[in-house]
Amino acid sequence: MGAHRTLDCDLLVVGSGAGGLSAAVTAAHLGLRVIVAEKDAQYGGTTAWSGGWMWVPRNPLAVEAGIREDIDQPLSYLRQELGAHFDEQRARSFLEQGPRMVDFFRRRTALQFIDGNAIPDFHGQTPDAAAGGRSICAAPFDGRRLGERLHDLKPPLYETTLWGMGIASGAELRHFLHALRQPASFWYVTKKVLRHWRDLLVHRRGTQLVNGNALVAGLARSLLDKGGQILVNSPATRLRRDDGRVTGAVLHTPQGAVHVHARRGVLLACGGFPHDVQRKRELLPHAPTGQEHWSAGNRGNTGDGLRLGESAGGQVASDLAQAAALAPVSLVPRTDGSTAHFPHLIERAKPGLIAVTARGVRFGNEANSYHDFMQALLAATPASHAPEAWLVCDHAFVRHYGLGAVKPAPMPLMPWLGNGYLKRGETLFELARACGIDAERLQATVQRYNAMCQSGRDEDFGKGETPYNRIQGDALRASARGLPNPCMGPIERSPFYAVKVVMGSLGTFAGLCTNARAQVVDAQGQPIAGLYAGGNDMNSVMGGHYPAGGITLGPAMTFGFTAAHHMAGIEPANSPLNPTL
Ligand SMILES: Cc1cc2nc3c(=O)[nH]c(=O)nc-3n(C[C@H](O)[C@H](O)[C@H](O)COP(=O)(O)OP(=O)(O)OC[C@H]3O[C@@H](n4cnc5c(N)ncnc54)[C@H](O)[C@@H]3O)c2cc1C
């Protein structure tokens, strides 16, 4: 073996998304020396592309707004949603430590939050679902505070931005959608865009960070403030072990191999397996060759953490309700010949859109969560067919809301029609022909749907009946048109448009089995000394179910906080980081 460099620390974190950085920041505040190793040239992973929403019931922002609930309520919601996959110990640990995690970050670090007190759980019909008060999001962050480290922060996924500028969900998104109609919104958008163009000139990237980009920036700033290191271009390729204990890892850096010795432990947080063909083949029945799943997750998430964990005796769960956080994804051709995977998270619930299969029929409630929407598509797809669907709308809709990567007016439609991403027809018949949809059936489906819009009752799939559906809709625009259901509007103004969506995900759920302290366990359920898992490398505490938005980042942040305490030998209940809780 040739000479290699060595590095010493207390905690080595492998992967720089929320799962890794949360543990890193907490550990640094508990006095541990921390190194974060990132494979990519930029840190942040899928987290930097995300909405930045975290499901953390009983969080301090909700409590301050007067929303108080006992731990038994969210616990009961999870028990009913997760069924046979409910693991009370881990669920309790998540719900107990979540508020402490939020309290710590907002009081002691650069990461701040905004509340999501009006955001309901996905399944309002399940007992103990909340109508709000269980979600928080990273507050906007001025990227200039990162100094030089702004330049290796992963920017948001370009197709979800406006010229590279992230748009926060909620009030800010509404300003952008109303910019051509309301002077206050026009002014808001103009100021933001001008500042962004100045940023591009001065900093070569945007600095008004929102959503997941703000989450990663806040975490990174907090870690750097405490002397933690983030090494990019440094994939971990093997774990170091000594007498059954994990004692570090070997990193493959541009300067050659670096052996990292980690006294307290290694936390694997490589973002699961969204781009690991072999694991997808094993765990995703809809991807028989491993290729038929187009995740919107970070491309570097190729299952390294799961393999590293297995090499030390860890077990990857294979019994989840669903191994991935499913989402409809469209394939966006880029001018450089590559393809972006665009997740459709926003427009499906707005009035004036339906989703149909190639048979020209609807298959589910378009306003349900991305995960439920795709479960419905899977259920409706015969075994011999690929699960694919078309989102269909009319001219008024596409100019008001956009469609996938296609932006609303005044952004032009021509480039999208030219590259084949967006299909158009002067009539529904013509549109169906352009897409390969059964034309007669599509016409009949739209006719029936348009008739139901007048009464506002979706007799087929109950669209608009849950609080989650309604908040995703557009009550203002629907009522201005005399429509009673905020998710339903007729598709009637020619020309008509469609974009095809395929099976994808926001990330994966199946991961390394851990105990309630985020320690990776072996086949006998015994913790492997020195080895922890975080983020999507940890088997999801939701057991492959998707009860609410933010159920990956909330647990990722919380279990990172818990793991760091365990490594430091401190019970979170006695943590010096939040003595008042
Ligand atoms: C558009 C979009 C919106 C989303 N919005 C939300 C939301 O609002 N709320 C929510 O809860 N979830 C959301 N998600 C899902 C969420 O972003 C992910 O589940 C989450 O970010 C995963 O965090 P992580 O830390 O596990 O992985 P990541 O953030 O992906 O980080 C993993 C990192 O590990 C690195 N890595 C991989 N292999 C190695 C190796 N061998 N050595 C070193 N580093 C390695 C990767 O390069 C990557 O940087 C969204 C996803 C998308 C795509």
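The values are calculated or read from the model by the stated rules, or taken from the named source; none is laboratory data. Because the structure is predicted, anything quoted here is derived from the model rather than measured. In this analysis, Cβ positions are derived from the backbone assuming ideal geometry, glycine residues included, and neighbour counts consider all displayed protein chains. Ligands, DNA and RNA are excluded from the accessible area calculation, which covers all protein heavy atoms including side chains. Shrake-Rupley method; radii C 1.70, N 1.55, O 1.52, S 1.80 Å.
If you line up the long axis of helix 439-455 against the longest principal axis of the chain, both from Cα atoms, how many degrees apart are they, to the nearest 10? Result, in degrees: 90. Listed cross-link partners 154/423; 154/500; 191/407; 154/350; 280/463 are compared with a 24 Å cut-off, the Cα-Cα value being larger for 154/423; 154/500; 154/350; 280/463.
These residues, 223, 173, 61, go from largest to smallest accessible area, 1.4 Å probe, as 173, 61, 223. Using the rule -39500 (n - 2.57) for each DSSP H run of four or more residues, divided by the residues of the chain, the 222 nm mean residue ellipticity is -9500 deg cm²/dmol. Across all Cα atoms of region 72-182, the radius of gyration (one decimal) and Dmax (whole number) stand at 18.2, 51 Å. Take residue 167: with every protein chain present and a 1.4 Å probe, its accessible area is about 40 Å².
Applying 0.36 nm per residue to the separation of residue 250 and residue 131 and subtracting their alpha-carbon distance, the gain on full extension is 38.2 nm. Computed over region 97-248, the alpha-carbon pair-distance distribution with 10 angstrom bins reads 9, 28, 30, 21, 9, 2, 0, each value a whole percent. Restricting the calculation to Cα atoms, region 299-372 yields a radius of gyration followed by a Dmax of 17.5, 52 Å. Counting only residues at least eight positions apart within a chain, or on another chain, the aspartates and glutamates with an alpha carbon under 17 Å from that of residue 226 are 8, 10, 148.
Computed from backbone phi with θ = phi - 60° and the Karplus coefficients 6.51, -1.76 and 1.60, the 3J(HN,Hα) list for region 517-534 is 9, 6, 7, 5, 10, 8, 4, 8, x, 8, x, 8, 4, x, 10, 10, 10, x Hz; x is used for glycine and proline. Once both axes come from the Cα atoms, what is the angle between helix 211-225 and the longest principal axis of the chain, in degrees from 0 to 90, rounded to 10? Roughly 20 degrees, rounded to the nearest 10.
Taking only the Cα atoms of region 215-261, the radius of gyration and Dmax are 13.3, 38 Å. Of the whole protein surface, residue 7 contributes about 40 Å² of accessible area at a 1.4 Å probe radius. When the residues 280, 423 are ordered by accessible surface, computed with a 1.4 Å probe over the protein chains alone, the sequence from largest down reads 423, 280. Taking other residues whose beta carbon is less than 11 angstrom from the beta carbon of residue 270, and scoring Lys, Arg as +1 and Asp, Glu as -1, yields -3.
Stokes-Einstein diffusion of region 207-351 at 37 °C, 0.692 mPa s viscosity, Kirkwood radius from Cα pairs, rounded to a whole number: 180 µm²/s. What trypsin sites (Lys or Arg not before Pro) does region 68-120 have in DSSP loop regions with at most 13 other beta carbons within 10 Å? Here the trypsin sites (Lys or Arg not before Pro) that fit, given the DSSP loop and packing criteria, are 68. Going by alpha carbons, how many degrees (0 to 90, nearest 10) lie between the helix axis of 183-203 and the longest principal axis of the chain? On a 0 to 90 degree scale, this one is about 40. Short to long, the 10 Å bins of the Cα pair-distance histogram for region 332-393 hold 20, 47, 27, 6 percent of all pairs. The value obtained for region 274-426, namely the Cα convex hull volume divided by the number of residues, is 134 Å³ per residue. Residue 148 contributes about 150 Å² of solvent-accessible surface, heavy atoms of the protein only, 1.4 Å probe. What Kirkwood Rh does the chain have if only Cα atoms enter the pairwise 1/r average? Answer in Å. Mean inverse Cα-Cα distance, inverted, gives 24.3 Å. What the chain shows is 39 Å² of accessible area per residue, with the surface traced by a 1.4 Å probe over protein heavy atoms. Across the accessible surface of the chain, with the other protein chains kept in place and a 1.4 Å probe, carbon and sulfur atoms take up 51 percent.
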